Structure formats: structure tokens, C-alpha cells
1. Tell me which chymotrypsin sites (Phe, Trp or Tyr not before Pro) from segment 1-81 have a DSSP coil assignment and no more than 13 other beta carbons within 10 Å of their own.
2. Name the shape class, rounded, prolate or oblate, that the alpha-carbon gyration tensor gives for segment 15-67, where a ≥ b ≥ c are the square roots of its eigenvalues, rounded holds for a/c under 1.5, and otherwise prolate holds if a/b is larger than b/c and oblate otherwise.
3. What lysines could a cross-link reach from Lys169, if we take a straight Cα to Cα line under 18 Å and drop same-chain neighbours fewer than 8 places away?
4. Ranking Met70, Met115, Met1 by Cβ neighbours within 10 Å, fewest first, what do you get?
5. For segment 46-151, run through the GluC sites (Glu not before Pro) and keep only the ones in DSSP coil with at most 15 other Cβ atoms within 10 Å of their Cβ.
6. Quick check on the chain: helices-only [θ] at 222 nm, where DSSP H runs of length 4 and up contribute -39,500 (n - 2.57) each and the sum goes over total residues. Nearest 500, please.
7. Among Gln57, Gln37, Gln132, which one shows the highest mean-square fluctuation when the chain is modelled as a Gaussian network with alpha-carbon springs under 10 Å?
8. Does segment 126-206 come out rounded, prolate or oblate by the C-alpha gyration tensor, with a ≥ b ≥ c the root eigenvalues, rounded set by a/c under 1.5 and, if not, prolate when a/b is larger than b/c and oblate if not?
Amino acid sequence: MRIGIDFDNTIIGYDDVFLAAARDWGLIDAAFQGRKQAIRDAIRLLPDGELAWQGLQGHVYSQGIGGASMFDGVASFLRRCRLERCPVLIVSHKTEYGHHDPSQVNLRQAALDWMRRFGIVGGGEFSIPVEQIFFEDTRRDKLSRISVLDCSHFIDDLEEVLSDPAFPKGVTRLLFSDCAGVVSDAPYVVCPSWRHIEEQVFDRGR
């Protein structure tokens, strides 16, 4: 098996960073509680809300990435991959610089620095070679990369990625989401946690 994994909102979680930054910027009330999607929906209702949301995203993915955390269960999954000798390939749709980030932080370098901090690349616990980390400018490039890498599985938080007609055939698609009401003929399996993902990849059918 060759396990492909998305990065943003799949390995790394920004909910707390979005909440704190949105409060600091005065985009939501101090008492507001919610995850990224709820914050986005609330901000988009504001005058020029779409621009405000894009600016907030630019900040969170660049200067704010240091406050982001690894999702529960990712570490256990990566350990299992090492135990089972399954290569892990991280494929992310991430431009080098954000369109709405005046600081012009290199987003790819910021992501790699975060991965080193959590032991994902470099000499850390999971030690995924940096040569197995790929950042792509567009979704089309990302899908092409998944195909070239010959992934057996791919894990992503975006339904539109896994449902894209150009998604490579023969790859088992796992949607990391707690969404309900997914159509029965969806081309992916919905996994609400990384424990479920681990079961789908390694334990199903054994």
C-alpha cells in the first residue's frame, strides 16, 4: 500500500487558530463558539465578508500556523504506517504565497516547519522523507500528482477533491469528515475520525 494524505484540515487542524484570530480581528463576537466552517459562515454574512474571510485564511495559514495542532489519531495512524511498512505521501494543494497575505510568508516553508516541529518530517518520530511531501499550485496538479505517485489510498477533508471526475481511478478514497447525509453512491468512504481511517486502511476485512 501507498498512503496519500492531504495536509490542511486533514493532518493539521486550525479551528482554535481561526477562532482566536477572528475574535482578535473583531469579525465575530467574543462569546462565539464554533469550528472553522461555522466561523467562515458567520464572517461571510458580514459586509465584504468574503474578502474578510480570505484575509483571515491568509493570516492563519501563514503567521498563525504555529498555533495549529495535529488532529487526534494522526500520530497513531502514522505509527501504524511505519509498523506496516507503508510509504506515506503528503500531497497538498498549497501555493507558495497566499493571495491575501500582505506579509508574504512562504506557505510551503511554514507547513514544512510545522511538520518538523511535530516530528512528521526530518529526524522526528515519524520521519517521512521531505522528498515524499508535495505542494501543488492547483487541484488539477494535485490529482495528477496522486496518480503519478500510484497511491493505493488517499485521505482528504474535501468532498469536492475526492468527487472530482479527474480523481485517479483505482484509488480508495477516504473523506475525513463528520458530515452526515452523504449520498449512498459517493465514491468515497466517510471517516469521522482518524481511528476510523486506520480501521478502513488496515483492519477492514482482516
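1. Details: sites: Phe7, Tyr14, Phe18, Trp25, Phe32, Trp53, Tyr61, Phe71, Phe77; in loops: Phe7, Tyr14, Trp25, Phe32, Phe71.
Sparse-neighbourhood loop chymotrypsin sites (Phe, Trp or Tyr not before Pro): Trp25, Phe32.
2. Numbers: a/c = 1.74, a/b = 1.21, b/c = 1.44.
Verdict is oblate for segment 15-67.
3. Lys169 reaches Lys142.
4. Numbers: Met70 18, Met115 22, Met1 14.
Result, fewest neighbours first: Met1, Met70, Met115.
5. Numbers: sites: Glu50, Glu84, Glu96, Glu125, Glu131, Glu136; in loops: Glu84, Glu96, Glu125.
Loop-located and lightly packed - Glu84, Glu96, Glu125.
6. Working: 8 runs with 72 residues, N = 206.
Rounded to the nearest 500, the figure is -10000 deg cm²/dmol.
7. Highest fluctuation of the listed residues: Gln37.
8. Values: a/c = 1.74, a/b = 1.22, b/c = 1.43.
Verdict is oblate for segment 126-206.
All of the numbers you see were taken from the coordinates with simple rules; none came from a lab. Just so it is clear, the structure is predicted and the values come from calculations on it, not from any experiment. Here Cβ is always computed from backbone atoms with ideal geometry, including for glycine, and neighbour counts include all displayed protein chains.
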